[in-house]
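The values are calculated or read from the model by the stated rules, or taken from the named source; none is laboratory data. Model, not experiment: these values are computed from the prediction. FYI the Cβ positions are ideal-geometry reconstructions off the backbone, even for glycines, and counts take in every protein chain you see. Surface areas here come from the heavy atoms of the whole protein model, side chains and all, with no ligands, DNA or RNA. Shrake-Rupley method; radii C 1.70, N 1.55, O 1.52, S 1.80 Å.
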Amino acid sequence: MSIATSQTDRLGANPFVVEGPIVAGSGIPGPNFSLGATALGAKEAEWVYCKLVLASTTTLQPGQWFQWDRDYTATLLTTAAAVVGYRCGVFAGASQSPTQSGGPAQAISLAAGTYYIWLQRNGQAPAMVSTATAALVVAETTATAGLANAPASATATTKAIANVSFQAANQTFTATTVNGSPVLSALGSVSPEGGPFIGAAISGTGIPGSTTISGITYGPSGTIQSITMSANATANGTAITVTATGVLEATLMRPFLSKVN
């Protein structure tokens, strides 16, 4: 028999709070929701509450791909571990207390232990992707944990991820650079939902090669105020065009692992 439980929309910060580590007998409650519970948000966003067991210290960042089984136990998605028929989605970011590393839509480092996280399965979300083809509706797994691929044609032996699409192969925005500073300011064409996101590779005039986004500063209203790069700018620039790749906005439509390519 099934037991009826109440279902409510959980708007706001709840889908971005990582709970744990949960230690039996510690007095810290967990899980705080039923496994498989859903939360709704803006722009058709939908999250699922899952259990995550980590064997070692792991950094979670926005856009990492996970799969989960019928018991809502999640694991980082790789080709080797992917199970056809499992549902999948992305980690959309963490909002943590000051004692833990992270902030709205930021990365977070977690020690080994048992955690409970919200994974996004619908709506617009950051997605880690090595190659993105615009308007493609089937992506694929890779050998790298949490990283997907969306090439123009499938790669043999990977697992297909159905129901995900990308608007473009990269994202562009404008920013001001200051020689010797890692901070991008006076940003244009950015948004918390649309990116750019932590971990994305960026390029542009005065930005050294192999630079990534290491931090994002938000204003009280949730808007993006500035971006911190992994390297210092090498020139002053105003309204330069910056191109971001690697972590892009995806449209999720309840993705699942559909077949072996």
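Legend: calculated FRET efficiency, ALA81 to SER26, from the Cβ-Cβ distance at R0 = 25 Å, rounded to 0.05, equals 0.25.
Take peptides 225-232, 22-29, 192-199 and line them up by average Cβ neighbours within 10 Å, highest first, as a rough protection proxy. Spell out each step's value before the answer.
Working: 225-232: 17.1, 22-29: 9.0, 192-199: 22.1.
For the peptides 225-232, 22-29, 192-199, the packing ranking is 192-199, 225-232, 22-29.
For the chain, report the translational diffusion coefficient in µm²/s to the nearest whole number, using Stokes-Einstein at 25 °C, 0.890 mPa s, and a Kirkwood Rh over Cα pairs.
Values: Rh = 18.9 Å.
Roughly 130 µm²/s, to the nearest whole number.
So for segment 99-217: antiparallel DSSP bridges make up what percent, rounded to the nearest 5? List each step's numbers first, then the result.
Numbers: 10 of 13 bridges.
Approximately 75 percent, going by the DSSP bridge assignments.
Each Cα pair under 8 Å and six or more residues apart adds its sequence gap; the mean of these over the residue count of the chain is a relative contact order of 20 percent.
Computed with every protein chain present, the accessible area of LYS43 is close to 100 Å² [probe 1.4 Å].
The 1.4 Å probe gives accessible areas that order ARG70, ARG121, largest first, as ARG70, ARG121.
Subtracting the Cα-Cα distance of THR234 and SER258 from their residue separation scaled by 0.36 nm leaves 4.1 nm.
Would you mind calculating the relative contact order of segment 164-261 from Cα pairs under 8 angstrom and at least 6 residues apart, reporting the percent as a whole number? Don't jump to the answer; show the numbers that get you there.
On the way: 231 pairs, mean separation 39.0, N = 98.
About 40 percent, as a whole number.
Using a Gaussian network model on the chain with a 10 Å cutoff between Cα atoms, which of PHE173, PHE33, PHE66 fluctuates the most? Fluctuation is largest for PHE33. Across the accessible surface of the chain, with the other protein chains kept in place and a 1.4 Å probe, carbon and sulfur atoms take up 54 percent.
Can you give me the accessible area per residue for segment 159-261, using a 1.4 Å probe, in Å²?
Numbers: 4380 Å² over 103 residues.
Heavy-atom SASA per residue in segment 159-261 reads 42 Å².
Note on the chain: GNM, Cα springs under 10 Å; of THR73, THR238, THR133, the largest mean-square fluctuation is that of THR238. 3J(HN,Hα) couplings calculated from phi for segment 243-259 with the Karplus curve 6.51 cos²θ - 1.76 cosθ + 1.60 (θ = phi - 60°) are, in sequence order, 10, 10, 9, x, 10, 10, 5, 10, 9, 9, 10, 6, x, 8, 7, 9, 5 Hz; Gly and Pro show x.
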